[in-house]
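J.: Could you have a look at this structure, given as structure tokens, before my questions?
The values are calculated or read from the model by the stated rules, or taken from the named source; none is laboratory data. Just so it is clear, the model here is predicted, and its values are computed rather than measured. Note that we place each Cβ from the backbone using ideal geometry, even for glycine, and neighbour counts take in every protein chain shown.
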Amino acid sequence: MALVKRIFSHFRPHRAADWAGAEWTPLPALDERTWVSPLRFARGEDAEQARRGSPRPKGRKTGAYHRAGLLALDEVAMHRIPPKGDEQGSELAITTPRGLPLHSPITRTSARPRLLLAGQRNRQATLGTTALLTPHKQVNYFHWITEVLGNLWLLQQAGYERSAIDHYLLPFTGAEWQATALERAGVPADRVLPVDELRGSRVRRLLIPSWGDVTSHSLPAWLTRGIHASCAYTPSQQPGTRRIYISRGDAARRGLLNEQALTRLLERFGFEHHVCGGLSLPQQQALFAEAGVIVALHGAALTNLLWCAPGTEVLELHAHRHQGRSFHLLARQLGLRYQAVSVAGPGHSSRTREDDLQLSDEDLGLIDRLLQDATGEQQGC
């Protein structure tokens with residue numbers, strides 16, 4: 001994941017003296033050999049080679065190969081930037097001991113974090129070794145599960161056991177599924193530091209796991225085994241027998257306007273109707289582990305494909321012209337049989353990926369045929 005890309009959005013090579021306390025631990029077994037800007041710090045190259053860059057691959061800008069690993073920064077200052085207007089969650093301002101801003105996502109300039117921290121230096125709390133598990137101010141179920149659990153695994157690969165870390169900095173609302181995931185991952189509750197509770201702090205050592213130039217949308221090849229290892233989960237090797245439909249009936253966006261038409265079709269194939277929003281993490285794991293065929297609209301609930309057995313049939317319904325690849329890649333890593341149907345909005349339009357969808361007769365006919373292939377049963381639409 002390109003955590004370092006965000007953290008070093010203001011890095012300039014002429015301020016290299018600010019990086020005297022930095023250590024980079026490469027994880028060569030996880031290399032994705034993907035491309036980033038030559039100004040990124042964490043790349044396992046000497047400074048001169050980094051300035052020159054590597055040969056440019058076709059279709060990409062000049063840059064250097066960025067490898068997966070762990071970046072450790074000593075004696076940095078951190079401060080929470082409160083949300084503006086109707087924004088949700090908080091952002092982080094991070095500076096080196098000399099005041100160089102490393103992360104200023106709201107203003108994209110160096111002024112705001114520098115001004116914020118100027119008045120905080122004399123009353124900052126001091127934190128010990130702190131792991132930044134995700135830089136996002138607010139994350140949904142998909143990004144939280146993949147980034148937090150994935151980064152916990154990376155920390156272990158870099159040699160940091162849970163007992164060696166004093167604080168885990170991450171978005172944490174106290175939701176049951178978050179608490180359960182952290183408990184299963186061996187993170188003590190008293191070491192969880194929610195981003196929204198952060199005050200002006202000086203951190204003795206800040207740990208920043210990096211996936212290289214790979215994000216939670218493009219998914220590194222090691223991600224699923226890392227998540228399984230983090231939460232001590234062993235998937236079954238045989239698909240279940242349940243047929244489940246995951247509804248977005250509890251969501252405020254990306255709903256299905258004529259869901260009843262789909263439900264009638266699915267009932268003929270023996271599908272169960274579920275909404276994941278009210279289920280605990282163990283309940284979601286059990287539901288997907290016991291499934292043999294899954295139909296769902298694009299949404300965070302498909303993160304639960306992580307708990308499926310290889311060979312499980314998956315049919316994702318997504319907005320016309322807005323097919324995300326996250327769940328396709330996730331299914332491929334897990335050995336699932338994935339197919340997708342592009343669905344338009346009312347009047348066969350979908351202006352954005354957030355629009356509600358409406359199945360046409362053609363869509364229903366296609367879903368019928370795909371389910372016949374997946375189940376081996378002949379049904380009429």
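J.: Return a yes/no flag: does the range 184-200 have any residue that is of a type outside the set (Phe, Trp, Tyr), without any contact (Cβ under 8 Å) to a residue 24 or more places away in the chain and in a loop (DSSP other than H, G, I, E, B).
T.: No, the range 184-200 contains no residue that is of a type outside the set (Phe, Trp, Tyr), without any contact (Cβ under 8 Å) to a residue 24 or more places away in the chain and in a loop (DSSP other than H, G, I, E, B).
J.: Related question: List, please: which pairs have Cβ atoms under 9 Å, are six or more places apart or on different chains, and start with a residue in the range 167-183 that is in contact (Cβ under 8 Å) with a residue 60 or more places away in the chain and end with one that is assigned to a helix (DSSP H, G or I) and polar (S, T, N, Q)?
T.: Pro171/Gln178; Trp177/Gln284; Ala181/Ser230
J.: A further question follows. Applying the selection to the range 202-226, what residues are modelled with pLDDT under 85 and farther than 19 Å from Leu71 by Cα?
T.: His217, Ser218, Leu219, Ala221
J.: Among (1) at pLDDT 95 or above; (2) farther than 21 Å from His79 by Cβ; (3) surrounded by 16 or more Cβ atoms within 10 Å (Cβ to Cβ); (4) more than 18 Å from the chain's Cα centre (by Cα), there is one condition Leu182 misses while meeting the rest; what is its number?
T.: (4)
J.: Considering each residue of the range 276-312, count those that are surrounded by 19 or more Cβ atoms within 10 Å (Cβ to Cβ) and either over 21 Å from Leu256 (Cα atoms) or of a type in the set (A, V, I, L, M, F, W, C) (or both), and give that number.
T.: Number of matching residues: 22.
J.: If you don't mind, another one. Please work out which residue is surrounded by the most Cβ atoms within 10 Å (Cβ to Cβ), limiting yourself to the range 230-265 and to residues that are of a type in the set (S, T, N, Q) and outside any loop (DSSP other than H, G, I, E, B). Write out each step before concluding.
T.: Restricting attention to the range 230-265, the residues satisfying the condition of being of a type in the set (S, T, N, Q) are 230, 234, 236-238, 241, 247, 258, 260, 263.
Filter once more, keeping what is outside any loop (DSSP other than H, G, I, E, B): 230, 260, 263.
On the way: Ser230: 24, Gln260: 9, Thr263: 14.
The qualifying residue surrounded by the most Cβ atoms within 10 Å (Cβ to Cβ) is Ser230.
J.: Looking at the range 328-345 only, could you name the residues that are in contact with a Pro (Cβ under 7 Å, 6 or more places away or on another chain) and surrounded by fewer than 17 Cβ atoms within 10 Å (Cβ to Cβ)?
T.: Gly335
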